[in-house]
Amino acid sequence: MKKIFILTGEPSGDKLASKVISKLQKNGLNIKYSCVGGTHLNSLGIKSIFDLKEITYIGFTSVLLNIFKIKNKINKTVEEIIKFNPDILFSVDSPDFTLRVAKKVKKINNQIKTVHYVAPQVWIWREGRVKKFKNFLDHILLLFDFEKKYFDKENIPNTFVGHPLLEQENKNRIDLSNSISTDKKIISLFCGSRTSEVNLLLPILIDFINLMNKKFTNLMFVFHATDENKNLINNRINEINLDNVQVISDENIKNQILIKSIFAVSKSGTISLEICNAKVPSIIIYKMNYLNFFIVKMLVKTKFANIINIINNKEIIPELIQKECNAKEIYNSVVYFLKNPDLMKKQIKDFEDTLSKIRSKSSSSNEAASVLSKFLIG
């Protein structure tokens with residue numbers, strides 16, 4: 001029996017990994033799995049060796065404050081992987097955790113093939129890291145075609161698979177009337193998958209909702225939450241008794257609500273691609289403590305935070321970062337869009353033009369599963 005250990009570091013990576021593994025499970029190969037993962041991999045019957053929350057940290061200061069915990073978890077994870085002795089270590093995103101583990105595993109057992117999904121964003125900062133990757137990575141799966149040049153330059157085997165969030169999925173349609181009020185226009189809100197992000201952005205978004213409610217009476221605000229953070233958000237909403245706010249964590253319902261939304265406000269990250277793919281106009285928000293922001297500003301090479309803006313080298317999706325990430329600025333931006341339908345149409349057209357350039361020819365998860373299969377068969 002072949003064995004694969006799946007290594008993720010946060011809920012978004014858990015979701016990406018599950019898309020690939022679900023395709024692999026349909027191929028009929030006899031494979032045993034173990035993982036560091038969350039609810040998505042667990043739903044496939046793959047049990048995590050520990051709770052994903054234990055290694056999900058955000059920001060440089062959080063990492064520094066938890067450095068001994070992180071080192072302990074890295075060493076424990078390496079120990080479990082070596083004990084499991086997989087044919088493939090399939091690491092997904094979260095490079096500061098997953099690639100540290102992969103490096104140690106490769107040093108102990110060179111026979112374990114290491115395949116990493118979601119290349120570190122070397123085009124944003126620390127391009128010099130690429131040279132080190134070839135010492136412990138056997139293959140890297142790229143979400144964007146423009147990334148190839150960085151890895152080809154160092155002769156690191158790679159495959160452009162495209163982004164799984166751009167895949168058109170035929171999900172079962174369900175009646176939303178039992179889940180959400182359908183007589184109001186929906187604005188979707190995304191405050192992140194990490195608890196630290198939710199704690200920072202949720203109060204700002206609640207203040208934004210209060211401002212919107214003073215002007216509009218026909219809106220429903222829906223928070224798209226992970227299972228891990230659903231109760232946290234619900235508790236905050238219940239404390240202030242907002243009756244036009246709901247929290248949804250079911251993936252199928254979230255997808256359909258997003259498609260029905262007239263607008264979205266989202267934290268910076270891969271979720272913005274899902275919003276673009278759903279053809280929903282949006283703005284991007286993000287905030288971190290001043291020390292983290294100062295460090296990031298010193299290191300990054302790009303002017304923008306969002307991938308759509310980076311690819312186009314201009315602000316197609318407005319970015320409200322740091323001091324601009326406040327309820328009043330978000331309110332002003334959203335109202336401006338809602339009052340200008342042509343502006344929303346133009347943004348959607350720009351989305352479509354950009355996404356057509358970064359989609360893979362087939363399914364991203366199928367492409368990734370195919371690479372894993374070749375390693376197993378080979």
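The values are calculated or read from the model by the stated rules, or taken from the named source; none is laboratory data. Remember, predicted model here, so these are calculated numbers, not experimental data. Positions of Cβ are generated from backbone atoms using ideal geometry, with glycine treated the same way; all protein chains shown enter the neighbour counts. Accessible surface areas use protein heavy atoms only, side chains included; no ligands, DNA or RNA. Shrake-Rupley method; radii C 1.70, N 1.55, O 1.52, S 1.80 Å.
Considering each of Asn366, Asn332 in turn, give the residue that is over 23 Å from Ala225 (Cα atoms), touching a residue at least 40 places away in the same chain (Cβ under 8 Å) and either open to solvent by 20 Å² or more (accessible area, probe 1.4 Å) or not in a helix (DSSP H, G or I) (or both).
Asn366
Taking region 1-22 on its own, how many of its residues are touching an Asp or Glu at 6+ places or on another chain (Cβ under 6 Å) and surrounded by 24 or more Cβ atoms within 10 Å (Cβ to Cβ)?
Matching residues across region 1-22 total 2.
Would you confirm, using the coordinates I've provided, whether Leu16 is in contact (Cβ under 8 Å) with a residue 24 or more places away in the chain and outside any helix (DSSP H, G or I)?
When the stated conditions are applied, Leu16 does not pass them.
Within region 23-49, track down each residue that is charged (D, E, K, R), without any contact (Cβ under 8 Å) to a residue 24 or more places away in the chain and either within 21 Å of Val371 (Cα to Cα) or surrounded by 14 or more Cβ atoms within 10 Å (Cβ to Cβ) (or both).
Within region 23-49, just Lys26 meets the criteria.
For the structure I just gave you, tell me whether Ser360 is open to solvent by less than 40 Å² (accessible area, probe 1.4 Å) and in a loop (DSSP other than H, G, I, E, B).
For Ser360, the condition - open to solvent by less than 40 Å² (accessible area, probe 1.4 Å) and in a loop (DSSP other than H, G, I, E, B) - is met.
Looking at (1) touching a residue at least 40 places away in the same chain (Cβ under 8 Å); (2) in a loop (DSSP other than H, G, I, E, B); (3) of a type outside the set (Lys, Arg); (4) surrounded by fewer than 18 Cβ atoms within 10 Å (Cβ to Cβ), find the lone condition where Asp207 falls short.
Every listed condition holds for Asp207 apart from (2).
Regarding Asn309, is this residue in a helix (DSSP H, G or I) and open to solvent by less than 40 Å² (accessible area, probe 1.4 Å)?
Against the criterion (in a helix (DSSP H, G or I) and open to solvent by less than 40 Å² (accessible area, probe 1.4 Å)), Asn309 qualifies.
(1) in contact (Cβ under 8 Å) with a residue 60 or more places away in the chain; (2) open to solvent by 30 Å² or more (accessible area, probe 1.4 Å); (3) within 21 Å of Asn366 (Cβ to Cβ): which one isn't true of Lys148, the others all being true?
That leaves (1) as the condition not met.
Filter region 312-329 down to the residues that are under 12 Å from Ser268 (Cβ atoms) and out of contact with any Asp or Glu (no Cβ under 6 Å at 6 or more places or on another chain), then identify the one that is surrounded by the most Cβ atoms within 10 Å (Cβ to Cβ).
Ile317
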